[in-house]
Every structure is written in C-alpha cells, then in structure tokens.
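K.L.:
Questions regarding the structure given below will be posed in turn.
The values are calculated or read from the model by the stated rules, or taken from the named source; none is laboratory data. Only a predicted model underlies this, so the values are computations on that prediction, with no experimental measurement involved. So basically every Cβ, Gly included, is an ideal-geometry build from the backbone, and we count neighbours across all protein chains shown. For accessibility, only protein heavy atoms count, side chains too; no ligands or nucleic acids. Shrake-Rupley method; radii C 1.70, N 1.55, O 1.52, S 1.80 Å.
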Amino acid sequence: KHPRSSRKRSHFEQEAREKLSKSTMALSRPSHGQEAQAMMRLYGEPGTLYARCGGIFGVAAFADRCMDMWMADNLLNANQKVTTWHQKAQRCGFKFLVVQIIGNLTGGPQVYTGRPMDVAHKHLNISEDEWCRFMEIFNDVCVEFGLAAADVDDLNALMISMEMDCVVYPGETAPASPPPFRPSGSSLYSRLGGVYPISLFTDRLVDTLIADSRVQIPLDAQKRSEVSLKYLFTELMCNLAGGPEIVTARDVNETKLLIPKSQWRLLIAVAEVAADHMPASVRPSLIQLLQRNKHLIIDPASGDTEELSVGTLRVKGLEEAAAGKMLSKEVIAARHAAPAAHVAARRRVHGDPRTLYGKGGGVFGLAKISDHLMEAWMANPMLNGNSKVARWHESQQKSGFKFLVTQIMGYLTGGPQRYTGRPMDEAHKHLAISPAEWEAFMQDADKSLEDLGVAAEAKTELLAILANFQSQCVVKPGEAVPADPGNTKPHSTNPALYHRLGGVYPLAQFVDRLVDLALASNSVHIDVGQLEDTTQVRHASGLKYVLTELVCNGTGGPEVVTSKGFEEAKLGVAQEEWPAFLTLVAQAAEIWPSQHMRNALISVMGDLKADICIGMASATEGPESKRRKKLQDAGFDRYLAEAALEKTGDAEAALALLMTGWVPEDATRPPTPQVSGCPFAGSAGVCPFTGKGGPLPAGHPPVPSAPPAPIEERLLVAARALSERGMSTADIAKMLAVDEAQLSAALTVTIQAGRALNSNWQRRLDELLNEDPEFCCPVSLMIFKEPVIASDGFIYERESLEGLWRNKMTSPMTRESLTQTMRPAQQRQAEAFKFRVDGSAELLKFASEAAAGNPQMALEALSRATDYLEV
C-alpha cells in the first residue's frame, strides 16, 4: 500500500493548469497555434498524468529526487550487482533516461531511447524485497512532493507495469550483464558515445555556468532549475548531434539556457573543458555544433554588449559529475537536531573568516600550503648539504612532520588545532641549522607562498610566523649543538593504543599509505572534488591531515579532531565500500610487525566508521564493541582487550585471562623508569635522598640542582614595566626576588606573530574569542546581526540567505532547493545581541589586564570587542 497525501496539489500542477488554460484558448487563434502546441508539449494535454504532474518541469524534479533516494539506499546497495552498477554508471545519464521514460509513460511527448527494461535491469538480480523497497522510496517522494492520491495511484500503476521486466523471481536465473552500449553509425552522436557521455558533458557545463557569479542564467525554485535545464539541454544536444532523442519544445524560451549574448565566449570555454572525457578527435565537432546552434541557447532579449573575459574556470571532475551529491536522511536529521554542532564543525574546517586560518582556506588550504612548503624544503640542495638534515629527510618521518607543521600553523593562524609535537628547540637545535640555511629555508617559504597565489597580506603574516622560530631552530656561531634527542616513543605508565603504536609519526605514516591506497583503488572511491559551498578543494594532503587527527584521537592521542561532525571533510568512503576499505587499512597497517597491534588499529577504524563514511551521522555499538568496552571498563587498554578477545573469543574468558596478568608475546611494555645512578635506589630506581637536605652518604653521585620554578606571570608584567623604564635586569631580579638568568631570557622574548604557544594569557584569550555556534550563521560563520528562518527550517544571516538566492544555490544544510521566503528569527537575534554585550565586557576586562605585558593580545581583544559594539 502506498501512503496517500491530503496536501494541496503541487505548485507544478497549479502552474501547469494556468499555462494550459491559456494554451487551450490560444488554439482557437491560428496565429498562436505553434506557441500553444509548444505549451502543450511542455505542460501536457489537460487531464493527462503528465499535465497533472506539472509537465516536463515537474517530472524532471520528481525523477531527480527519486534517483537520489534510490541510489543512496542501503538495502538497494546491499545487492552487490546494484552497488557495482552504481559505481560504474553515470548518474546524470541515468537521470536523463528516467525523466524521459516517466515523461513518456505519463503522456508527455518524450520517447524513451534507452535499452529495453529487461535488458537494462534483469542482470542486476533485483529481488522482490528490493523492488518493494524501491516502491516504498518512490511513494515517499510522492508524499514529499504533495501529489494528490489519484495521481499517486496512477504513478504506482505505471511503476508496477515495469516490475516483471526488472525483478528476478525465485527459481528464475539472472542473465549475464550486457556489454557496454554504444550507438552504431557515423553520426556525431555515435562518435561522441551516445546519451551517457553527452549527459555528463551537459551536467558539467550547466553546473559550472550556474556556479559562476559572472553568468546570469535565469533560474527559479519551481520550473527552471538546474535539474530541468540539464534534461532539456541534453535532449537538445543529443538531437542536434543526430541522436534519436526528441526535443520537448525547441523554440520556447523557457526551455533554453538563456545565457546572455555577452557570455557566449565563456560558455564555449567551459564547453571545451567539460568535453574532456570525450574522444579528442570529436571535441572540435561538438564545439562547432554549439556555435551553429547558438540561437537555441542564448537569451534573444539580451543586449549585444562587450563579451566577458574567460578568466579562471573550475569545471567539476568526472567522478564528481558521474556520482552526483546528496545528503542522507540521517545527516539532514542530525543537522536539524543540532544545527549549532554543524556550524561549529563547519567553522573548525573552514575557519573564522576574520582569522588568517579562515582567510587561508581553513584546514584544507593550510594543509596544501604546509605540504608545498615541506616538499620545497626537502628538495633544497643547500638544506640537504647539512648531513643531519639530509639524514632526517631520508627517514620515515616525512608524513609525521608534515602533519605537525600543519597542526602548529593551524593553531598559530587562529585555527582549532593544538600543537602536540616536541618544543621547537628540542626538535631542531640538534640539526645544527646555520643562519645561512635558515635564510634558504625562508626563501623557499617565500617562493612557495608566491607559487600558491597566497595574497600579499596573508603571505606577510605567514612569513612572520615562521620567522618567529629562528632563535629556536638556528645554532648561532659559538653555540653548542645539543645531542640528538632520538626518535623516542610517547610513553605513559598506563599506555593507550596511541602510545603502543608509537605516537603521531608512525600513525601519520599509516594514514599516508592508507589514503594513497584508497585514491588509487578501483574498489574504494574517494571524492577529491570541491568542498560544498566554498572555493576550497579536497585534496590528498588535506584528507591525510584530517584523517591522521581522527586516528590519533581515536587511539587515545591528544590530537584535536578538526573534521568531527562535518560531512564534507570526512575521507568520504561509501558505506557499501567499507569492507574493501578495511582491506586497505590492513594493508597500510603492515608497517607494524605485531598482528595484535594491527588488529587493535583495525578495530579502532571500525569505531571511527561514522566519521569516515559519507551519509552516516553516528555509529551503532555492535556486539564486538560491547565486549571490548567491558574489558576496557575493567581497566585494560584497547590493545590488551583486543588481544585477549582474539585469544579467547569471549568477554568473560578474556577478562579472566587478563586478570592473571597475561600479555601477548609481542606486547610492547611501557618504558621502565631510568636508573638514577644512585647506589641506594633499589629496584624502583628512585633515589631515597632526592629532595632531602643534609649531606649525602659516601659513594652517592652528585645530585643536580632542581630547575628553578617558572616566574609568575604577575611578576613578569612588573618586570617588563620596570625594564621599559630603564632599570637593569640584575636590579629587577633582586627587587622581585627571581632568578636573574631566567628573567633575562623572559625579557628578551620578542613579540610573536600569530598566537603564542604555551601561554596562559593566550589560552584565556582563545576562550574569550570562541563564539557560541548557536549564534553563528552557517554560511558567513559570523555572529548573527539580522537572523532569519529560511524555507529549509534553518536560521541564516539575512544577507547570507539573499546571497544564496542571488547565486541560485541550494541549502548548505540539506543541499535541497531554497524557496525565496523567510521570516525574522527575533528570539535568536535577542540572544545574539546579549552574547555580544556580555562578550564585549569580558574582552574589555581582558584587554585592560593584558595591556602591560601582552599588548598584541590586548589589541586583538579590543578589536573583537569593537566588532561586537558596532552592531
């Protein structure tokens, strides 16, 4: 049974009736006969199901939604043949054929040109249960579109008429898969490859033109959408190229792209790129076909003004166009349940637009910069002339160092990251980097930022941040070079899996291998196209960074996860490809010789599935997770729990085994305390006389004096003020009763560009600058000034919503169409105003306290407070 809707008939049907009424009247006037016939083809003859569904515009929107839902359904994708077909087929070509056949069956003028239904579907071995799920989704879309019950009945009858040609019933054998279909003959249509390559070309062309702010193609939320324009332009191109496709209404302006004449050269430039999947020998003929039929594409009413320059084009890639994009019901539901969480996640990835992190493209932009910088530094012959640097470059730590460079740059530029590596001096001084080598290092950085097109202001700020580290990295003439600290593992008396695996360097190496394997795989498909609604691009270096954070954090490390809860920043594995992905995980994990280690890591990756797979909002705790949790709750770490479960297969038995003190043979135990050198230390390795006054017993080695406690912040503020008045460091140290050497080092620290590391003042400021995402717009990521509720049910800044309408963009929260309606969100506006008032007071208080010792931080606090008070 299908659900019946009591909603009013759709906008499509209402508009179709109005058009048809005018068309029927026009039939009595011979001068308007052709126009009336065209309207009939567009909107349907009165009384037909085609007309009741809104004509070609309504059918195209309906079919597009059905296709997205069918191709995202887990039950349908559980059929391996259907999954394989989904991976190979081009969604845009199949959508075209679905619109075509629904138009034909409902009484429209379209003629289906695809394969016979049984040839196209029987080989997929579709079961009766799968067909029932297919129909359930179909009826869900009927309800979503508000179709009348009688229309739903008629549509169901049409779909049921195709069941016999699609389903393989019990006892029936599915036929072999048919070979790829290619049209015969010598027409341009045949040489281009037929409807699928042409549909893909249209998809890429139309999307690029719509996304370009310079192009004014008229769109609306009812008829002229990207969906209907893609269908109409595809049938036109197929027909003009000599294909069997029939054009719905060739000479009606409503069906044309209507690109202004001044933008024709831009369309041709986009077409040349959008056709790059077609044979090179036929692309010129396709462009000539467009030129000959310019009158069927342009807006005849547009002026003959000077043509736009082409400039930079961004045409979406083949996999992105072929696969299509949509959000699952689960993800949309999660965003409705907690919109602030999505805004916070989006802000972590894209960055506060007032910060250098946000201006630089967020985590993906910064990862790209860091990757480029690292490659330049590691290829520099002068830097490699330093044998210690060269030896380090040749080690397996490259991916780990790239990660840490991105992490520290993220934090210093205003991102959410927190640096977890060694202090900069400890990590670099032992390399004996000379001033000349540092100069070469900075020249490489300057050139890399120039090559990447980083804006001049941002480039200056980034170079200033790097310059801050010179004193911590360079060994000055006459300065002693410290010993190499070695490649020590992180350790803990109760180690997490993170410590057992060796920390960030081996985990970064693992992720580096895993992402490379996934991007090269034929069984796992990772989208490296455009991030939604931004100019940022998903790329290997960015994906490696965010996945390394996730894996480190998941294994118990201190790394903060930037991408948590943000769908577009996930690695993006399809749920049906998860088993194949785990095979790649096992392959990448071979850098650890211990099978127990590898198994524990694979188990962690399973827990992280919802943060890796597209379309998953949260993970479900399975039986394995529950058994492991029982052991971990008893105090045993992930590694020991996995090893014991593998050995016994039962939680109770595993717990009993671990309680005996059992450990795997290849267990890596936590480091034992270093021997103090004291002959009285005993097995504990701890000197009993440490910290005690009085003489040491005979034979005891000298005890080094304990390092002095750090100078209190309040004393440093006073010391800086006295120093600025001309008092000597010795006199200040004596007056404040602090160590002179310590004070001298503290007073010679220069003002740092960007954030300050290991500063309590910086931590306080970070907390004050952290804005509640509940009061931030999902688009601008800024505190609301004039919040409004849009048709998707989410709250936006009015200016941002109007920008989405102006650029014909879909909802950034649901990726569905936005109607041009809004209403004020008065409660949210009042709450945002209160947040500004309270925040400005706290910031002004901080600025007053920080002014003497931390003027840069005080200025930053005043700047934000000014932003708040100017509203």
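K.L.:
Return the loop-located GluC sites (Glu not before Pro) in the stretch 116-192 (DSSP other than H, G, I, E, B) with at most 12 other Cβ atoms within 10 Å of their own Cβ; answer none if there are none.
P.N.:
Within the stretch 116-192, the qualifying GluC sites (Glu not before Pro) (loop, at most 12 other Cβ atoms within 10 Å) are 172.
K.L.:
Here is a follow-up. Run through the stretch 122-224 and list the trypsin sites (Lys or Arg not before Pro) located in a DSSP loop whose Cβ has at most 14 other Cβ atoms within 10 Å.
P.N.:
214
K.L.:
Now a separate question. Around residue 837, with a cut-off of 14 angstrom between Cβ atoms, what is the net charge of the other residues, counting Lys and Arg +1 and Asp and Glu -1?
P.N.:
Once positives and negatives cancel, what remains is -2.
K.L.:
I need the calculated FRET efficiency for the pair residue 863 and residue 472, taking r as the beta carbon distance and R₀ as 22 Å, to the nearest 0.05.
P.N.:
Approximately 0.20, to the nearest 0.05.
K.L.:
If R0 is 25 Å, what FRET efficiency do you get for residue 341 and residue 418 from their C-beta distance, rounded to 0.05?
P.N.:
After rounding to 0.05, the efficiency reads 0.80.
K.L.:
Using the crude model of +1 on Lys and Arg Cβ and -1 on Asp and Glu Cβ, and no other charge, please compute the dipole size for the stretch 159-293 relative to its Cα centre, in debye to 20.
P.N.:
680
K.L.:
Can you give the accessible area of residue 406, probe radius 1.4 Å, in Å² rounded to 10?
P.N.:
Roll a 1.4 Å probe over it and residue 406 shows about 10 Å².
K.L.:
Between residue 443 and residue 496, what is the label-point separation in nm under the 7 Å Cα-to-beta-carbon projection?
P.N.:
Those two pseudo-labels are separated by 4.3 nm.
K.L.:
What net charge do the residues around residue 404 carry, taking every other residue with its C-beta under 14 Å from that of residue 404, with Lys and Arg at +1 and Asp and Glu at -1?
P.N.:
With Lys, Arg at +1 and Asp, Glu at -1, the net is 0.
K.L.:
Suppose accessible area is computed on protein heavy atoms with a 1.4 Å probe; arrange 101, 602 from highest to lowest.
P.N.:
I get 602, 101, largest accessible area first.
K.L.:
Let me ask you something else. Which of the aspartates and glutamates could a cross-linker span from residue 630 if the Cα-Cα distance has to be under 16 Å and same-chain partners fewer than 8 positions apart are dropped?
P.N.:
607, 621, 642, 646, 650, 652
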